[in-house]
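Inspection log for the structure reproduced underneath, given as structure tokens.
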Amino acid sequence: MHYKAPRGTKDILPSETWRWQAVEHKFREVCRLAGFGEIRTPTFEETELFTRSIGEVTDVVSKEMYSFQDRSGRDLTLRPEGTAPVVRAWVENNIGAHGLPSKLFYIGSMYRYERPQAGRYRQFDQFGLEAIGSDDPTLDAEVIALTARFLEQTGAAPFAIRLNSVGTVDSRTLYVEALKGSVEPYLQKLCGSCQTRYEKNPLRMLDCKNPECRALTENVPRLQDYLDEESALHFQRVREALDALGLSYEIDPRLVRGFDYYTRTAFEFTDQALGAQDAICGGGRYDNLVEEIGGPATPAVGMAMGVERLLTVLDSRSAKIGVRPHPVVFVVRLGEKAQVPGLALAARLQELGVPAEMDYGGKSMKAQMKRADKSGARLALLLGDDELASGQVSARDLIAQHQWRLPLQNCAEMIQDYLSTSESGEIEAA
RNA sequence: GCGGGUGUAGCUCAGUCGGUUAGAGCGCCAGGUUGUGGCCCUGGAGGCCGGGAGUUCAAGUCUCCUCACUCGCCCCA
């Protein structure tokens with residue numbers, strides 16, 4: 001075998017695409033009910049859109065982007081995340097003119113050059129929500145509640161919601177100074193990555209999993225104490241809204257998000273089934289991003305969910321979502337003369353909306369019946385010399401195990417009738 | 001980018017101290033009555049033993065390199 005799917009990518013085969021379709025369908029439905037409209041943006045964007053919005057020093061920008069020049073020398077990048085492109089499209093198309101906030105959702109593949117691992121791929125898929133144009137805390141709560149509802153309806157529950165506020169840029173700057181000052185005396189005792197974080201991204205020291213670092217940072221100043229009054233009040237309002245909705249969550253003062261553009265509300269939905277990559281989705285507010293990208297100062301809040309991770313969780317729950325496609329009727333053709341009439345019969349059934357299949361290559365009846373059985377079809381329609389001579393078709397209910405004859409003439413219509421009037425439950429009982 | 005583990009049939013895996021034609025279960029195909037599925041029985045197809053180099057009379061087996069997968073670190077969905 002010479003060619004393989006590139007590292008970190010994979011084929012999604014018919015045996016599982018139906019599950020993808022099912023969760024996509026459910027996500028669209030939940031979004032529709034809440035007034036979110038689908039937006040589809042290009043797979044690649046100008047590189048600068050991402051370097052500016054996500055932050056130059058973040059891992060994603062500094063070492064994970066699929067960047068290239070096109071034949072005209074334009075610097076382009078396969079999108080590593082969905083928010084910046086949506087905001088760009090929002091500004092470019094003046095979507096806000098239709099009234100604020102603009103409530104948008106997207107479904108699409110993202111690309112990051114990372115070491116593949118459980119729940120982490122170089123091409124992966126996200127469902128995302130973006131609500132642009134309001135800083136109303138109930139909007140934050142709605143985004144979180146919508147996400148929770150979607151996860152519940154797909155069967156992903158139970159999951160944990162972690163919540164925090166990272167404040168405004170100003171309050172965060174103050175806090176980072178205080179944090180660094182507090183940590184400085186025992187900087188040498190921290191793990192190697194925390195020493196790097198101290199320089200590059202001090203907030204992430206709070207999120208370190210190393211127990212020793214945890215202990216050392218135990219009594220460090222709390223971000224919440226440095227929140228400006230407005231952010232603190234906003235955070236409280238978000239919590240009150242979530243409480244009123246009956247959503248349980250856990251305040252995690254150490255929760256920090258990886259992209260620079262986040263402000264105030266930050267949240268994550270996690271599940272233990274995912275191992276090290278335990279976040280199903282993450283999100284929060286990004287009140288400065290629209291302006292940074294060149295639009296008017298506009299607050300916004302959003303969420304992004306990893307579809308592969310969601311499916312992993314659903315697997316671990318044995319969640320029942322969607323139905324694996326299978327024929328309802330299987331046409332068994334016996335002999336040369338039955339080939340075309342059998343094809344026509346299957347075609348007629350398909351036209352009527354009845355999933356119908358056949359076997360090919362003139363196999364034995366036994367082989368065809370086996371295939372019919374395995375296909376999950378409920379009915380087998382037998383068409384051979386006898387039937388052609390008498391103008392009749394033999395129908396066999398593979399579940400109820402009874403067989404009868406019906407005229408070939410309007411066979412498809414009668415079968416459709418039979419299927420709609422007899423519930424499968426009754427058949428199984430009979 | 002850094003560490004550990006694993007690569008044998010479509011799938012899940014055996015394969016002894018290095019030794020002759022590389023195995024099982026499931027799946028697939030065909031048969032066991034001539035036109036009737038599930039259970040059972042018989043037979044068959046299907047392997048560059050991930051790839052490359054080396055050691056050896058001899059490598060699926062030992063060594064090195066490489067690629068992929070996998071678990072973790074970093075980070076993130």
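Among DSSP beta bridges whose residues both lie in the range A:329-429, state the antiparallel percentage, nearest 5.
So the antiparallel bridges amount to about 55 percent of the total.
Please give the contour-minus-distance gain from A:Gln195 to A:Glu16: 0.36 nm per residue of separation, less the Cα-Cα distance, rounded to one decimal in nm.
Between A:Gln195 and A:Glu16, full extension yields 60.1 nm more.
Of the listed peptides A:99-110, A:358-369, A:269-280, what is their order by residue-averaged count of other C-beta atoms within 10 Å, with the highest listed first?
Ranking the peptides A:99-110, A:358-369, A:269-280 by packing returns A:99-110, A:269-280, A:358-369.
Over the range A:329-429, what is the relative contact order in percent, taking alpha-carbon pairs closer than 8 angstrom and at least six residues apart?
On the way: 143 pairs, mean separation 28.3, N = 101.
Relative contact order of the range A:329-429: 28 percent.
Mind checking the alpha-carbon convex hull of chain A and giving the volume per residue in Å³?
It comes to 215 Å³ per residue, whole-number rounded.
For the range A:329-429, what is the accessible area per residue in Å², given a 1.4 Å probe and the full set of protein chains?
Heavy-atom accessible area per residue stands at 54 Å².
Between A:Tyr113 and A:Glu351, 0.36 nm times their residue separation minus their Cα-Cα distance comes to what? Please list the in-between numbers first.
Details: separation 238, 0.36 × 238 = 85.68 nm, distance 4.60 nm.
Full extension of this stretch gives 81.1 nm more.
Report the label-to-label distance for A:Asn410 and A:Asp225 in nanometres (one decimal), using points 7 Å from each Cα along the Cα→Cβ vector.
Rounded to a tenth, the inter-label distance reads 8.4 nm.
Could you calculate the FRET efficiency of A:Arg237 with A:Lys374 from 1/(1 + (r/R0)^6), where r is the beta carbon distance between them and R0 is 56 Å, rounded to 0.05?
Computed FRET efficiency for A:Arg237 and A:Lys374: 0.50.
Once the Cβ-Cβ distance between A:Phe68 and A:Asp170 is put in as r, and R0 is 35 Å, what FRET efficiency do you end up with, to the nearest 0.05? Provide the component values of the computation, followed by the final result.
Numbers: r = 37 Å, r/R0 = 1.06.
So the FRET efficiency works out to roughly 0.40.
Rounded to the nearest 5, what % of DSSP beta bridges with both residues in chain A are antiparallel?
Once the DSSP bridges in chain A are tallied, antiparallel ones form about 80 percent.
Just reorder A:Ile293, A:Ile161 by solvent-accessible area, largest first, 1.4 Å probe, all chains present. Walk me through the numbers before you get to the answer.
Values: A:Ile293 45, A:Ile161 10 Å².
The most accessible residue leads, giving A:Ile293, A:Ile161.
Under 8 Å for C-alpha pairs, at least 6 residues apart: give me the relative contact order for chain A, rounded to a whole percent.
15
Shape call for the range A:16-175 from the C-alpha gyration tensor, a ≥ b ≥ c root eigenvalues: rounded (a/c under 1.5), prolate (a/b greater than b/c) or oblate?
Details: a/c = 1.37, a/b = 1.19, b/c = 1.15.
Since a/c stays below 1.5, the shape of the range A:16-175 is classed as rounded.
The values are calculated or read from the model by the stated rules, or taken from the named source; none is laboratory data. Treat the numbers as computed from the prediction; the structure is a model and nothing was measured. Glycine also receives a Cβ, built like all others from the backbone with ideal geometry; neighbour counts cover every protein chain displayed. Each accessible area value is taken on the protein alone, full model and side chains, heavy atoms only, with ligands, DNA and RNA left out. Shrake-Rupley method; radii C 1.70, N 1.55, O 1.52, S 1.80 Å.
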